[in-house]
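Input: a single structure, listed below in structure tokens.
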Amino acid sequence: MDTIGIITLLLIVANVLVSYQGFKDHRFLDKYAFEVDSILVQKDYQRLFTSGFLHVGWAHLAFNMISLYAFSDYLQDFLGGLNFCIVYAASLLGGNLFALYMHRNHPDYSAVGASGAVCGIIFASIAVIPGVEIGFFGAGVYIPGWLYGILFVLVSVYGIKSKKDNIGHEAHLGGALVGMAIALAMRPEMFAFTYKAVLAVSVLSLILIWFIIARPQFLLVDNFFYKKTKHYTLEDRYNAAKLDRQKEVDRILEKVHKSGMGSLTKKEKEVLEEYANRSK
């Protein structure tokens with residue numbers, strides 16, 4: 001197996017193993033997920049990176065890993081293995097930093113997924129590989145990369161404003177732009193061949209980001225495709241479970257206050273010990 005194959009395989013294996021641990025152990029997911037309050041208040045900055053190897057389910061994981069595999073050979077052949085890893089890591093962190101800014105006033109917001117990194121790989125390919133096309137798995141249909149980029153940006157902004165699903169669109173958009181910028185910095189000569197696609201996606205993205213930050217009221221969504229109703233998403237369930245665990249800890253602490261440690265069951269002691277370890 002060549003170097004390119006090994007790098008892709010290692011990234012996929014790391015995502016699968018870490019995600020599977022999160023599927024089995026919700027406390028593990030809670031400890032390493034992207035969480036605004038933990039990052040900004042508790043300074044737990046590792047979450048900006050570790051959250052990119054966690055996923056909320058097998059379908060979420062499979063889609064990201066298939067997309068990564070589909071584009072990895074193109075970009076690694078062109079940039080080399082080390083530069084590919086730099087694009088991947090920078091896109092992951094850039095996407096999460098953009099999401100952190102967008103949700104800086106939402107302390108309970110949490111998210112997981114490699115989508116920001118994978119989108120960075122896709123958009124880096126658009127930026128430095130002339131004529132790259134995006135295929136739809138199993139359908140035999142391909143569209144130009146620049147068109148996919150424009151559609152992707154529009155869908156991402158719609159997702160940011162509508163909150164219709166549990167997908168971290170902010171990380172998608174941030175990761176995509178970072179990946180494109182880093183790849184062009186590595187191979188600036190390719191801009192002469194891909195400038196139309198790069199400018200189309202970049203200009204639209206920057207305009208929409210300005211609206212998101214400065215004039216968010218112009219992007220409110222309330223139409224046939226989305227109404228202002230409550231959608232109980234996977235992230236909602238994740239946050240609800242987290243609140244339930246905190247309530248259980250509060251109940252145990254109140255029991256200790258009234259009756260002492262000797263009154264706790266074995267299970268209650270385990271819950272309290274786990275809470276103490278996570279708080280260190």
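The values are calculated or read from the model by the stated rules, or taken from the named source; none is laboratory data. This one's a predicted model, so the numbers in the text were calculated from it and none came from an experiment. Virtual Cβ from ideal backbone geometry, glycine too; neighbours counted across all protein chains shown.
General observations
- Residues being under 30 Å from K31 (Cα atoms), of a type in the set (V, I, T) and in a loop (DSSP other than H, G, I, E, B) - total across segment 107-151: 1
- Checking each residue in segment 185-204 for being at pLDDT 95 or above and either small (G, A, S) or closer than 16 Å to G149 by Cα (or both) picks out only A185.
- The residues of segment 69-100 that are surrounded by fewer than 20 Cβ atoms within 10 Å (Cβ to Cβ) and over 13 Å from the mean Cα position of the chain (by Cα), listed by number, are Y69, A70, D73, Y74, D77, F78, G80, G81, L82, N83, C85, I86.
- Residue match in segment 101-124 (condition: more than 17 Å from E170 (Cα to Cα), buried (at least 22 other Cβ atoms within 10 Å of the Cβ) and modelled with pLDDT of 85 or more): yes
- Summed over segment 25-78, residues that are of a type in the set (V, I, T) and either outside the structural domain of G95 (by TED's automatic domain parsing) or not in a helix (DSSP H, G or I) (or both) total 2.
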